[in-house]
Amino acid sequence: MNIVGLVTEYNPFHNGHKYHLEMSKKITSCDYSICVMSGNFVQRGEPAIVDKFHRAKMAVKNGIDLVIELPIIYACRSAEAFAQGAIATLTSTNVVKSLSFGSECGNINTLKLLADIICEEPFEYKNMLKNNLKKGMSFPKARSKALKKYLLDNNNFDLTNVDDILSSSNNILGLEYLKALKKLDSNIVPYTYERIGSEYNERNLNGFFSSATAIRKLLNSKKYIDEIKLVVPTCTYEILKEFHEKYNSFNNLANYNDILLYLLRTNRDLYDFHILNIEKGLNDRIYQASLKNNDIYKIIDCIKTKRYTYTRIKRILMHILLNLDSDFLLKHTYDNPYYIRVLAMNTKGMKILKKIKKESDIPIITKFSDSKYLNTITETGKKILSLEKKATDIYFLPFKTKQLTTNLDYKVSPYIHKE
């Protein structure tokens, strides 16, 4: 059983993701696929456009065999923590043979070379990085210059496009995947291919391979019905339409505007609330911005600097919203996974689950309510699961429906697609 692992958010699943799956099968010669997917809140510091249950359904209907959830303690974090959690989860199954990801670079050897240097931090590189930072350079610029100098001095290799590689979103994630594989001493073999179509952050539709950012922008403009048919698979369109008919809107950061205003204005000293990346001084900056603006996006604009990027501020806001304790997150970032939570599967996915049960001792959760009684799940694992439930409950707060949208982790079973 040749199984390829994918790290995903599918926010939402679009034509580029379909291409990713097809290319992954081609370059790895795999016959089965498993993806670890962010839950209801994603790495860029936002709620997903639709919930994890609908997105997992999209994935399986588009060809993924098994979808498992990336725990919230990794999903809404920096690229390093996000990758660490995802790769550790895939590795813990003991059945995944390869990892496939798209990158702007498209060359696995180049990315592995850079990842090895960043991970191992040889003395010459570390010293050059330190000296560059002392000169007042930003960390990305200091690291890039140190890498180029180190490569030239030690490998007689002039990688002139280091700046481009280290400033491209998918390259950055790819480097973190490779670092995580190395730190975990994982047997998973990495592959990459060159991405095609729109840039990661392109805000306008650009043909068949449009970015998820542009698709979300269109969905939130409420003009999605006809226009997105060209940029997402048919089953994605149908599931998006199903979600919209049920909840009458899609989700975005603005939906939590009033909740966040309340939290920011009534908790002046956020530093004392143990929120990750809140430093002394930043907490007052956030508080003052919340008093001067009623719009969460304007608040973010007031706070952001070169040091505190737009995405970093959004992640802080999500941690405040979800009340994620920084001490708990940092303590467990590099732990071995405590469980695997199944969100969706097809008949091939069922076979993968059987193999995981045979090859790995990691607890598998298919029914959320059973997690309370599984002796194999530790108290820490149960704590993480309680955070998942809380995140799901908070995710659905903006939606006004006749039916209660609480405890959905208990009410919604994994989607099973029968071909």
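In the chain, the DSSP beta bridges split such that about 15 percent are antiparallel, to the nearest 5. Across the chain, C-alpha contacts under 8 Å between residues 6 or more apart give a mean separation that, scaled by the residue count, equals a relative contact order of 23 percent. Do any trypsin sites (Lys or Arg not before Pro) in the range 356-418 lie in a DSSP loop with no more than 16 other beta carbon atoms within 10 Å, and if so, which? In loop regions of the range 356-418 (DSSP not H, G, I, E or B), the sparsely surrounded trypsin sites (Lys or Arg not before Pro) are LYS367, LYS400, LYS402, LYS418.
Checking (i) 22.4; (ii) 25.8; (iii) 23.3 against Kirkwood radius over Cα pairs in Å calculated from these atoms, the matching label is (i). Within the shell defined by Cβ-Cβ distances under 14 Å, the residues around HIS417 carry a net charge of +3, with Lys and Arg each +1 and Asp and Glu each -1. Each stretch of four or more DSSP H residues adds -39500 (n - 2.57); spread over every residue of the chain, this sum gives -15500 deg cm²/dmol at 222 nm.
Counting neighbouring beta carbons within 10 Å and listing from fewest to most, the residues ARG285, ARG307, ARG315, ARG44 come out as ARG307, ARG285, ARG44, ARG315.
In the elastic network of the chain, a GNM with C-alpha springs shorter than 10 Å, the most mobile of MET345, MET58, MET137 is MET137. Taking every alpha-carbon pair under 8 Å whose residues sit at least 6 apart, the range 267-419 reaches a relative contact order of 22 percent.
Could you identify which residue out of SER24, SER92, SER167 has the top mean-square fluctuation in a GNM of the chain using Cα springs shorter than 10 Å? Among SER24, SER92, SER167, the largest GNM mean-square fluctuation belongs to SER167. If R0 equals 41 Å, the separation of the Cβ atoms of GLU379 and SER249 corresponds to a calculated FRET efficiency of about 0.65. Considering only beta bridges that DSSP places wholly inside the range 1-134, some 15 percent are antiparallel. Listed by chain and number, the lysines whose C-alpha is less than 16 Å from the C-alpha of LYS134, apart from same-chain residues fewer than 8 away, are LYS126, LYS145. Within a Cβ distance under 12 Å of SER369, other residues only, what is the Lys/Arg minus Asp/Glu net charge? Local net charge: +2.
Placing R0 at 35 angstrom, the Cβ-Cβ distance between LYS357 and ASN109 gives a FRET efficiency of 0.45 after rounding to 0.05. Residue order for LYS306, LYS126, fewest other beta carbons within 10 angstrom first, comes to LYS306, LYS126.
Using a 10 angstrom cutoff on alpha carbons, build the Gaussian network for the chain and name the most mobile of ILE49, ILE364, ILE72. Highest fluctuation of the listed residues: ILE364. Within the range 391-419, whose backbone N sits under 12 Å from a point 7 Å along Cα→Cβ of ASP258? Only 398-400 fall inside the zone, counting backbone N under 12 Å.
Take every pair of alpha-carbon atoms less than 8 Å apart whose residues are at least six positions apart; their mean separation over the length of the range 253-332 yields a relative contact order of 37 percent.
Loop only by DSSP, 14 or fewer other Cβ within 10 Å of the Cβ. Give me the chymotrypsin sites (Phe, Trp or Tyr not before Pro) in the range 249-341 that pass, ordered by residue number. Qualifying residues, ordered by number: TYR334.
With the simple spin-label model, which puts each label point 7 Å out from Cα in the Cβ direction, the ARG285 to LYS400 separation comes to 3.7 nm.
Read the figures in this text as sums done on the coordinates, not as results from a lab. Small disclaimer: the values here were computed from a predicted structure and weren't measured. Heads up, the Cβs are rebuilt from the backbone with ideal geometry, glycines too, and the neighbour counts pull from every protein chain shown.
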